[in-house]
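Take a look at the structure below.
The values are calculated or read from the model by the stated rules, or taken from the named source; none is laboratory data. In this text, all values refer to a predicted model and were calculated from it rather than measured experimentally. With ideal geometry, Cβ positions are generated from the backbone for all residues, glycine too; neighbour counts draw on all protein chains shown.
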Amino acid sequence: MMAGTVPVDSLQINILVDNSIEWMTALPPPFLNEVPQQLRNNPPIDEKLTGLPFIDLENYCCGAHGLSFLITTTHGDQRHTILFDAGPESKSIDRNIKALKIDPKAIERIVLSHWHADHSGGILTALQLIREAQEGVSNPLPVDLHPKRPIARGIAPAPSFKPIARLPADPTLEEIKEAGGEPVLNAEGHAICDGQVWVSGEIQRVTDFETGLVGGIEWVDGSWQREPGQLVMDERYAVVDVRGKGLVIFSSCSHAGIVNVLHSASKTFPGRPIHMILGGLHLAGPELAYRIEPTVEAIASYKPDYVVPLHCTGFDAKVKLREALGDKIVPGGVGTGVFIVAVKDDESEENRNTRSG
Ligand SMILES: [Fe+2]
């Protein structure tokens, strides 16, 4: 157990923004796609004709290239809810929070995984929704950020590495303050939510094949630079330790490499099994194809119960993961809910023995 953290009794995850929506594939028990959740949550009814609830497509979630998780944990009678990333722009986070009928009032902190607009672009809108819902609350909302906000980041694809485009600007600290947020700058790992959630510090790079975001560039001193843009050293992951089940790891874009993330999480929480990995694994594109095999092999060696490859993982990597790990690979997407309840540690030992036996 990492100092300052506590294993939680329950963890609910709502994937608020992701690139894909997958309704048709059967999901294992802790996962529920959007439709059954909508049908349980006061759906509009066709009173005039059939008496059945509508699949209310006009007001369901939309996909967008980015990621946002709503994370709710409980320990005893303490309950905490945070937003981990906020998607790429103002529209998807707004639509999807409303579509899933989430009460923004409950969100007590926003945590940004790294300074890229597909994760930071919805922060100001999320803040606006939360502040409106928290009418009468005067304290600003903590927005947990890495202190090194780049001036600009862009793309210079291999093999020429010629800059072709820049990302939209991340929100500034001033804009965050104006929207009712309080920037909380953290370069080091730290526990939040009474120890129920851990946010990492800088991710140590230990593998030789995970060399960052090939083609990433950063504007430094008036010109585009490759190294800071490729390494994205401001990236952080988050961990929730579910009692009797193990670590649930949120790695939004895995520019540091998901194997480096797993190595870091295992070092931080020694001896804890990895229950679930969720996030963008960033293995798309021909220039990263060589990383798929060693990554899949390394993920398998950690024996996770579930992996939910999202966002920037890429089709080929998902196929290879499925081939190697079968049903442990879960096709989550926007609107997927994950409901994890702790078990007693001795029950979990039994479970794990049964599973491996
Ligand atoms: Fe991303």
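Structure summary
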| read-out | value |
| --- | --- |
| Residue match in segment 208-230 (condition: of a type outside the set (Lys, Arg), in contact (Cβ under 8 Å) with a residue 12 or more places away in the chain and under 30 Å from GLN134 (Cβ atoms)) | no |
| ALA64 assigned to a loop (DSSP other than H, G, I, E, B) and under 17 Å from the mean Cα position of the chain (by Cα) | yes |
| Count of segment 24-58 residues which are part of a loop (DSSP other than H, G, I, E, B) and closer than 26 Å to PRO309 by Cα | 8 |
| Test: residue in segment 94-106 that is touching a residue at least 24 places away in the same chain (Cβ under 8 Å), buried (at least 21 other Cβ atoms within 10 Å of the Cβ), in contact with a strand residue (DSSP E or B) (Cβ under 7 Å, 6 or more places away or on another chain) and within 21 Å of THR172 (Cα to Cα) | no |
| Selected residue (only one of ILE93, ILE82 is among the β-branched types (Val, Ile, Thr), within 16 Å of the ligand (Cβ to nearest atom) and under 27 Å from ARG131 (Cβ atoms)) | ILE93 |
| Among the candidates LEU278, LEU213, residue that is under 22 Å from VAL143 (Cα atoms) and either within 16 Å of the ligand (Cβ to nearest atom) or surrounded by fewer than 22 Cβ atoms within 10 Å (Cβ to Cβ) (or both) | LEU278 |
| Options GLY326, GLY335: the member that is part of a loop (DSSP other than H, G, I, E, B) and more than 16 Å from the ligand (Cβ to nearest atom) | GLY335 |
| First in segment 307-320 and crowded, with 20+ Cβ neighbours inside 10 Å, second anywhere and charged (D, E, K, R), Cβ under 7 Å, 6 or more apart | VAL307/LYS328; PRO309/LYS318; LEU310/ASP18; HIS311/ASP18 |
| Qualifying residues in segment 128-176 (those that are assigned to a loop (DSSP other than H, G, I, E, B) and among the β-branched types (Val, Ile, Thr)) - the one farthest from THR81 (Cα to Cα) | ILE164 |
| Sole exception among (1) among the small types (Gly, Ala, Ser); (2) surrounded by fewer than 17 Cβ atoms within 10 Å (Cβ to Cβ); (3) farther than 23 Å from GLU108 by Cα for ALA156, by number | (2) |
| Restricting segment 96-115 to residues that are touching a Leu at 6+ places or on another chain (Cβ under 6 Å) and farther than 25 Å from LEU57 by Cα, the residue that is nearest to the ligand (Cβ to nearest atom) | LEU112 |
| The listed residue being modelled with pLDDT of 95 or more, within 16 Å of the ligand (Cβ to nearest atom), assigned to a helix (DSSP H, G or I) and not charged (D, E, K, R), out of ALA317, ALA289 | ALA317 |
| Residues (of a type in the set (S, T, N, Q) and surrounded by fewer than 11 Cβ atoms within 10 Å (Cβ to Cβ)) located in segment 29-55 | ASN41, ASN42, THR50 |
| First in segment 173-198 and under 29 Å from ARG243 (Cβ atoms), second anywhere and of a type outside the set (Val, Ile, Thr) and loosely packed, with under 14 Cβ neighbours inside 10 Å, Cβ under 6 Å, 6 or more apart | ALA191/GLY4; GLY195/GLY4 |
| Number of the exception - LYS91 against (1) crowded, with 16+ Cβ neighbours inside 10 Å; (2) assigned to a helix (DSSP H, G or I); (3) free of Cβ contacts under 8 Å to residues at least 60 places away in the same chain | (1) |
| Boolean, ILE123 is crowded, with 17+ Cβ neighbours inside 10 Å and away from the ligand (no atom under 16 Å from the Cβ) | no |
